[in-house]
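S.K.: Below you'll find the structure I mean.
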Amino acid sequence: MIQFEKFQLDNGLKVLVHQDTSTPMAVVNVLYNVGAKDEDPAKTGFAHLFEHLMFGGSVNIPVYDEPLQRAGGENNAYTTNDLTNYYCQIPAENIETAFWLESDRMLSLAFSKKSLEVQRKVVCEEFKEHYINKPYGDAWHKMRSLAYTQHPYRWMTIGASLAHVEDATMEDVKDFFFQFYRPNNAILVVTGNVETEQVKQLAKKWFGPIEAGKAYVRNLPKEPLQEKTRSMDVRADVPLDMLMMTWHMGGRFDEGYHATDLITEVLG
Amino acid sequence: MKQIFSSIDCYHFGTVDPGLLVIEGKLVKGISMAVAEKAVLEEIEKIKNEILDAKEVQKVINKTESVICFEDMSIMNRAHSLAYYELLGDADLMNKELGMYQRVTPTMIQHTAQQIFQENNRNTLYYYSKS
């Protein structure tokens, strides 16, 4: 049983606190309710590009990593089709450093031209390395576009095409940030050697002044029931033939979800 | 299966919206795609037609339970999970997850398999080596 306390700031930021005094550390986790599925079909790959841009400096802090490391902290992030999650682990007595860093990123990124150029290049290289040049690297790209005709799961987090990332403008980047990276579209979780009262004060101090954004109402197209089996032949320079089959399954709220998860264990 | 696939895996991504159950495998050299496909479909027919032993189901439930418990050991993973379940609507769902698995019966597994593994619901990528 994981115990936690929950409160919400006036700007809509949800805050959860889970205390564990057996560790000297604390974790500050900021989840943004935006994933690749929320992208414009003509501008894919943005949620993931942001995961990179978020380390390219925020409005008052030119570099993110250095002050965190000096306080003994480390951080990482990941992007999925459903969400983007940023987290850092830091000695509990230095936790305010994490609040300072994370809240400045939420306040605003630096939006420097140089950072966009650098991160765009990094992401394009990642795209080429893992999804174009790697053997079977395009398999999921092809499978997603075969299995999904409507729902935005039809593209991967890296993006539907390299061109979308290459063509990203500063305006696009700013729009995306101010649409999704707002306190009312985020969940802050603090775990470890912390007190709820202390987290409340720090959250109010650092995140409280950040203005709420327009509420994001998710309205994604539903994938229609598949009526006919579909297949695709691929020929590529790979060592062995591969067979990949997928079947549509229920989502996280489907009553058969847990049974389905167990089916993959039985067959796996 | 071992003579047909050099590696084979079954998984899903746990997406929030309806996702995909995946079976993918690399074929042993010399085995045809048709033979490999038939072998997989036969396994699938089994899980649709034969009800699993309660013991076998309990075994995979226990395995899942130990994976969850192991994950929950670090304050980092607890933070990820709390955030994720809060995104789903309520962080306390995290505490209900084990119970959701324990409720699964062999009949539910068979019923779910019959719903998912329908021919019209299948997408297949035949990925051939050029060499």
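Computed from the coordinates by the stated procedures, all read-outs in this text should not be read as laboratory data. Note that the coordinates shown come from a computational prediction; the quantities given were computed from them, not determined experimentally. Counting neighbours? That spans all protein chains shown, and the Cβs are built from the backbone with ideal geometry, glycine included.
S.K.: What do you get for Rg/Rh of the protein assembly as shown when both radii come from the Cα atoms and Rh is the Kirkwood radius?
M.R.: On the way: Rg = 22.6 Å, Rh = 22.8 Å.
My calculation puts Rg/Rh at 0.99.
S.K.: In the neighborhood of B:G25, defined by Cβ-to-Cβ distances under 12 Å, what is the net charge if each Lys or Arg adds +1 and each Asp or Glu adds -1? Before the final figure, lay out the partial values.
M.R.: Numbers: positive: B:K2, B:K26; negative: A:D241, B:D9, B:E24, B:E37, B:E43.
With Lys, Arg at +1 and Asp, Glu at -1, the net is -3.
S.K.: Whole number please: convex hull volume per residue of the Cα set in the stretch B:5-121, in Å³? Kindly include the intermediate steps, with their values, before the conclusion.
M.R.: Values: hull volume 16.2 nm³, N = 117.
Spelled out: Cα convex hull of the stretch B:5-121, divided by residues, is 139 Å³.
S.K.: So what are the ³J(HN,Hα) numbers for the stretch B:37-54, from phi and the Karplus equation (6.51, -1.76, 1.60; θ = phi - 60°), rounded to whole Hz, Gly and Pro as x?
M.R.: 4, 4, 4, 5, 5, 5, 4, 5, 4, 4, 5, 7, 9, 10, 6, 6, 5, 4
S.K.: Can I ask one more? Within the stretch B:24-123, report the trypsin sites (Lys or Arg not before Pro) that DSSP leaves as loop and that have at most 15 other Cβ atoms within 10 Å.
M.R.: On the way: sites: B:K26, B:K29, B:K38, B:K46, B:K48, B:K55, B:K59, B:K63, B:R78, B:K96, B:R103, B:R122; in loops: B:K29, B:R103.
Within the stretch B:24-123, the qualifying trypsin sites (Lys or Arg not before Pro) (loop, at most 15 other Cβ atoms within 10 Å) are B:K29, B:R103.
S.K.: Stretch B:E45-B:H111 to full length: gain in nm at 0.36 nm per residue minus the Cα-Cα span? The partial results should precede the final answer.
M.R.: On the way: separation 66, 0.36 × 66 = 23.76 nm, distance 1.24 nm.
Extra length available between B:E45 and B:H111 comes to 22.5 nm.
S.K.: Considering only DSSP states other than H, G, I, E and B, which GluC sites (Glu not before Pro) in the stretch A:95-161 qualify as loop sites with at most 16 other Cβ atoms within 10 Å? If you can, show how the numbers build up before the last one.
M.R.: Values: sites: A:E96, A:E102, A:E117, A:E125, A:E126, A:E129; in loops: none.
Passing sites in the stretch A:95-161 do not exist.
S.K.: Once you have the Cα-Cα distance between B:A34 and B:V67, take 0.36 nm times their residue separation minus that, and quote the gain in nm to one decimal. Mind showing how you got there, number by number?
M.R.: Values: separation 33, 0.36 × 33 = 11.88 nm, distance 3.55 nm.
Length difference between fully extended and current span is 8.3 nm.
S.K.: Do you know the relative contact order of chain A, to the nearest whole percent, from alpha carbon pairs under 8 angstrom that are 6+ apart? Could the numbers behind the result be given before it?
M.R.: Details: 424 pairs, mean separation 80.1, N = 268.
After rounding, I find 30 percent.
S.K.: Taking only DSSP H segments of four or more residues, each worth -39500 (n - 2.57), what value at 222 nm results for the protein assembly as shown once the sum is divided by all its residues, to the nearest 500 deg cm²/dmol?
M.R.: That calculation yields -12000 deg cm²/dmol at 222 nm.
S.K.: Okay, next question. So, in Å, what gap is there between the alpha-carbon centers of the stretch A:30-85 and the stretch A:166-220?
M.R.: About 11 Å separates the Cα centre of the stretch A:30-85 from the one of the stretch A:166-220.
S.K.: Return the sequence-ordered ³J(HN,Hα) values of the stretch A:207-222 in whole Hz as given by the Karplus equation 6.51 cos²θ - 1.76 cosθ + 1.60 applied to θ = phi - 60°, using x for Gly and Pro.
M.R.: 9, x, x, 6, 5, 5, x, 5, 4, 8, 9, 7, 9, 8, x, 7
S.K.: I would also like to ask the following. Note down the nm distance, to one decimal, between modelled labels 7 Å out along Cα→Cβ at A:E117 and at A:E227.
M.R.: The modelled label-to-label distance comes out at 5.2 nm.
S.K.: Still on this model: If you filter the stretch A:211-268 for GluC sites (Glu not before Pro), then keep DSSP loop positions with at most 15 other Cβ within 10 Å, what is left? Present the calculation step by step, with values, prior to reporting the outcome.
M.R.: Values: sites: A:E211, A:E227, A:E255, A:E265; in loops: A:E211, A:E227, A:E255.
Within the stretch A:211-268, the qualifying GluC sites (Glu not before Pro) (loop, at most 15 other Cβ atoms within 10 Å) are A:E211, A:E227, A:E255.
S.K.: For every other residue with a beta carbon closer than 15 angstrom to the beta carbon of A:R230, add +1 if it is Lys or Arg and -1 if Asp or Glu, then tell me the sum.
M.R.: Numbers: positive: A:K142, A:R144, A:R154, A:K228, B:R122; negative: A:E223, A:E227, A:D233, B:E37, B:E119.
Overall, the nearby charge balance is 0.
S.K.: Can you compute the label reach from B:S7? Point 7 Å from Cα along the Cβ direction, backbone N cut-off under 14 Å, restricted to the stretch B:19-33.
M.R.: Residues passing the 14 Å test: B:24-28.
S.K.: With r defined as the distance between the Cβ atoms of A:Q3 and B:M100 and R0 fixed at 22 Å, what FRET efficiency is calculated, to the nearest 0.05? All intermediate terms of the calculation are to be shown ahead of the outcome.
M.R.: Details: r = 20 Å, r/R0 = 0.89.
Step by step, r from the Cβ atoms, then E = 0.65.
S.K.: Here's another thing I want to ask about it. So, counting K/R as plus one and D/E as minus one, what does the shell of residues with Cβ under 12 Å around A:H141 add up to?
M.R.: Numbers: positive: A:K134, A:K142, A:R144, A:R154; negative: A:D138.
Net local charge, A:H141 excluded: +3.
S.K.: Using the beta-carbon distance between A:E171 and A:F253 and R0 = 22 Å, what value does 1/(1 + (r/R0)^6) give for FRET efficiency, to the nearest 0.05? Spell out each step's value before the answer.
M.R.: On the way: r = 36 Å, r/R0 = 1.63.
For A:E171 and A:F253, the calculated efficiency is 0.05.
S.K.: Across peptide B:5-11, what mean number of C-beta atoms from other chains lies inside 10 Å of a residue's C-beta? Display every interim value, and only then the final one.
M.R.: Details: counts 3, 2, 2, 3, 4, 7, 5.
Taking the mean over all residues of the peptide, I get 4.
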